[in-house]
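Below: one structure, written as structure tokens.
The values are calculated or read from the model by the stated rules, or taken from the named source; none is laboratory data. Values in this document were obtained by computation on a predicted structure and should not be read as measured data. In this analysis, Cβ positions are derived from the backbone assuming ideal geometry, glycine residues included, and neighbour counts consider all displayed protein chains.
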Amino acid sequence: MEGNREGMIIPRHVALILDGNGRWAKKRGLPRTMGHKEGCVTVEKTVEIAARMGIEYLTVYGFSTENWKRSAEEVGALMQLFRYYMVRLLKVASANNVRVRMIGDRSRFDRDIIEGINRLESGTRDNTGLTFVIAVNYGGRDEITRAVRRLAVDCMSGAVKEDAVTEELVASYLDTADMPDPDLLIRTSGEIRLSNYLLWQLAYTEIYVTDCLWPDFNKEELEKAILAYNKRDRRYGGVK
Ligand code: IPE
Ligand code: IPE
Ligand code: MG
């Protein structure tokens, strides 16, 4: 359940759309890739902050199924950053008792990246603190489509009967199986849309949008979001 610290309810699961790296760079007359580099530093810091705050799950959107549309130069730079930060993340995670998990379709990545992801997951599997989930080559519709495909195979083989298909069963076929739904979604850089993020899981999540560009995000910004979350009245369709 949700933890209580200094009178504030700490959301159990925080989902993040880290947006605005490009705009951050543009404002400074720098190439977009410099924004991504700075954004990676912010991700690393945010993992440590979230772990210390007692957040149980932090899920960040790192690369969407639609981001392949960007220039080969930008996609290539993002892959290089991913390679570099995967190695660093293994150390950061180990030092902070953080378990790392990736969601999304990793099969489209180069072999060394897939191996790095596998190493990161298996190397941190026994950590008991924050679960840091990275959504890479992730799209909500793609995730649901992959889940339905696997469910169809199980139905056709007779392993799953039609009556057994419940919301819980569908959820168990998603990449986020065994994880609680996000309590709070934070999107940086002002855009008020989901951009194909966690479409199933965000059904009753509280949404918070800040104009802060992702590389400028920090502990104060996270606390502001959690404070706003504390003022929300979660009714789940009922009456209070
Ligand atoms: C978010 O920053 C990072 C990724 C989507 C990979 P953007 O690159 O989308 O930055 P803006 O939205 O162009 O400012
Ligand atoms: C969403 O940001 C994806 C990630 C943060 C990885 P985008 O910048 O790709 O989203 P749009 O294009 O503004 O919807
Ligand atoms: Mg963007």
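A few points about this structure:
- Apart from one condition, residue 126 fits all of (1) more than 28 Å from residue 32 (Cβ to Cβ); (2) surrounded by 15 or more Cβ atoms within 10 Å (Cβ to Cβ); the exception is (2).
- From the list 225, 152, 177, 159, the one residue that fits, being outside any loop (DSSP other than H, G, I, E, B), surrounded by fewer than 17 Cβ atoms within 10 Å (Cβ to Cβ) and modelled with pLDDT of 95 or more, is 152.
- Answer residue from region 12-31, given it is charged (D, E, K, R) and more than 10 Å from ligand 2 (Cβ to nearest atom) and is nearest to residue 140 (Cα to Cα) among those: 12
- Tallying residues that are under 23 Å from the mean Cα position of the chain (by Cα) and either of a type in the set (A, V, I, L, M, F, W, C) or surrounded by 15 or more Cβ atoms within 10 Å (Cβ to Cβ) (or both) within region 228-240 yields 2.
- Every condition in (1) surrounded by 15 or more Cβ atoms within 10 Å (Cβ to Cβ); (2) closer than 21 Å to residue 131 by Cβ holds for residue 87 except the one numbered (1).
Yes/no matrix, rows are residues, columns are (1) within 14 Å of residue 216 (Cβ to Cβ); (2) in contact with a Phe, Trp or Tyr (Cβ under 8 Å, 6 or more places away or on another chain); (3) more than 11 Å from ligand 1 (Cβ to nearest atom):
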site	(1), (2), (3)
8	no, no, yes
33	no, no, no
45	yes, no, yes
56	no, no, yes
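- Some residue of region 71-78 being surrounded by 14 or more Cβ atoms within 10 Å (Cβ to Cβ) and under 14 Å from the mean Cα position of the chain (by Cα): no
- Among the residues here, residue 236 does not qualify as more than 27 Å from residue 86 (Cβ to Cβ) and part of a helix (DSSP H, G or I).
- Restricted to region 41-61, and to residues there that are among the aliphatic types (A, V, I, L, M), under 15 Å from residue 85 (Cα atoms) and in contact (Cβ under 8 Å) with a residue 60 or more places away in the chain, the residue that is farthest from ligand 3 (Cβ to nearest atom) is 47.
- Residues of region 10-40 that are near ligand 3 (Cβ under 10 Å from one of its atoms) and β-branched (Val, Ile, Thr): 17 alone.
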